[in-house]
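Here is the structure we will look at.
The values are calculated or read from the model by the stated rules, or taken from the named source; none is laboratory data. All values reported here derive from a predicted model rather than from experimental measurement. Neighbour counts are summed over all protein chains in view; Cβ atoms, including those assigned to glycine, are modelled from backbone coordinates with ideal geometry.
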Amino acid sequence: MAFPTGWTKKCSLTIDNTKVSGSANLTNFPVLLTEANFPSTIFDNTQSAGQDLRFTSDSAGTTELAFEIVNWDTTNDKAEVWVKIPTVDYDDDTVFYVWYGNADATAYAVTGTYGRNAVWSGYKAVWHLQGAYDGTAGEVINSVGSLHGTATDATTQVGAKIGNGQTFTKANGNYIEIPDSATSALRLLATKYTIQMWVKPNVGETVASFRVIQMEDAEDFSGGYSIMFRGVGSILWGHNANDGDRNWTFNSGMSDGTFYKADFVYDQTNRIYYRDGGNPQTKGTTADLTSDNNDNFNIGRVPVYGQYYNGDIDEIRVIADALSADWLATEYANQNSPSTFVTEGTEESVGATGIAASKRSINC
């Protein structure tokens, strides 16, 4: 039976327009939902991995929305779900709906019209850094659908800003690598780009401890980009060394023991660093952007010098576009406080019965 036939529960979800930055609507915006955004009874009325979850932009269930379930835990009532909202209104609340309560439903394929990959169309990489939640040990999943990474020397899963993240330890040489054969999509020097992450660095250490992103590994660092959190709370953003415009240093405004959202935007004129959705710092660039090395993409190390990051990382993204300040501020409002960004309505019954106990997982 086609959706919504067979679904027995639904609930409205409302995005607070006062949390949306700027004076224009946002298009195709991935919204984070956690357990704080759903009615508490939802975990008693879904399959154990959320196979019956569906999202729509309308109450009748005629217009479905793409979504990704990173975590759906009916034992501990925990959730991390990303829903792609076609239009997030800046001056009126945006209402959409979650549907559930169908013991016979199967999960959408990640390549399906409303599956995982569709949420991140236009993105080059989205690493949630949850660990091997797909069941493949050591594989770091890219939700775009390719460019999966390999964790080396046992990066450690840890509770992070959004669900789980990864801890990197300099002494252990932890890092994640996406081999050269897969990384052509990440070579973005000749275009606009945005690199995003949540980080909790040990900011008091020395320069050689903090390489977070390293696109190139040539001895002269020519033709690539890198991001390094370094001593006294600063950030070194390297961007193409061929004309001497290799590095710009930014004041990170960070202290030890706290997660921060860090966004790095290159718009082909300036490099702009944002902390927690605001606090922009801008530096111009004269770099020649015509070359790039064909080398591996690394998270947590620079291979040439054997330098490794020390701290926690969560939710790394690479986008071949310069995201706007309003987009970044709205992202921060959502990801920093999901419960105030989206509020749930009242659960409604839309069928005769819920999921039969005999058909539900014992974990429910």
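Points to keep in mind about this one:
- Just so you know, in region 106-146 the residues that are of a type in the set (F, W, Y) and modelled with pLDDT of 85 or more include one that is surrounded by the fewest Cβ atoms within 10 Å (Cβ to Cβ), and it is Y114.
- Verdict on W72 being over 20 Å from T340 (Cα atoms), outside the structural domain of G149 (by TED's automatic domain parsing) and not in a loop (DSSP other than H, G, I, E, B): yes
- All conditions in (1) assigned to a loop (DSSP other than H, G, I, E, B); (2) β-branched (V, I, T); (3) exposed (fewer than 15 other Cβ atoms within 10 Å of the Cβ) hold for T18, with the sole exception of (1).
- One residue stands out among those in region 225-263 that are in contact with a His (Cβ under 9 Å, 6 or more places away or on another chain), part of a strand (DSSP E or B) and of a type outside the set (F, W, Y): the one that is modelled with the lowest pLDDT, which is N247.
- Tallying residues that are closer than 26 Å to W127 by Cβ and either surrounded by fewer than 18 Cβ atoms within 10 Å (Cβ to Cβ) or touching a helix residue (DSSP H, G or I) at 6+ places or on another chain (Cβ under 8 Å) (or both) within region 70-105 yields 13.
- Elements of type strands (runs of 3 or more DSSP E) in region 272-329, at least 3 residues being within 18 Å of F168 (Cβ to Cβ), of a type in the set (D, E, K, R) and modelled with pLDDT of 85 or more: 311-319
- Residues of region 41-67 satisfying the condition of being in a helix (DSSP H, G or I) and either of a type in the set (F, W, Y) or touching a strand residue (DSSP E or B) at 6+ places or on another chain (Cβ under 9 Å) (or both): T41, I42, F43
- First in region 259-276 and outside the structural domain of K161 (by TED's automatic domain parsing), second anywhere and assigned to a strand (DSSP E or B) and modelled with pLDDT of 90 or more, Cβ under 6 Å, 6 or more apart: none
- In region 13-56, the residues that are within 24 Å of the chain's Cα centre (by Cα) and either outside the structural domain of T343 (by TED's automatic domain parsing) or of a type in the set (G, A, S) (or both): S21, G22, A24, A36, S48, A49, G50
- T183, sole failed condition from (1) at pLDDT 85 or above; (2) surrounded by 15 or more Cβ atoms within 10 Å (Cβ to Cβ): (1)
- A109 being free of Cβ contacts under 8 Å to residues at least 24 places away in the same chain and either at positive phi or not in a strand (DSSP E or B) (or both): yes
- Every residue from region 328-353 that is within 14 Å of the chain's Cα centre (by Cα) and among the aromatic types (F, W, Y): Y332
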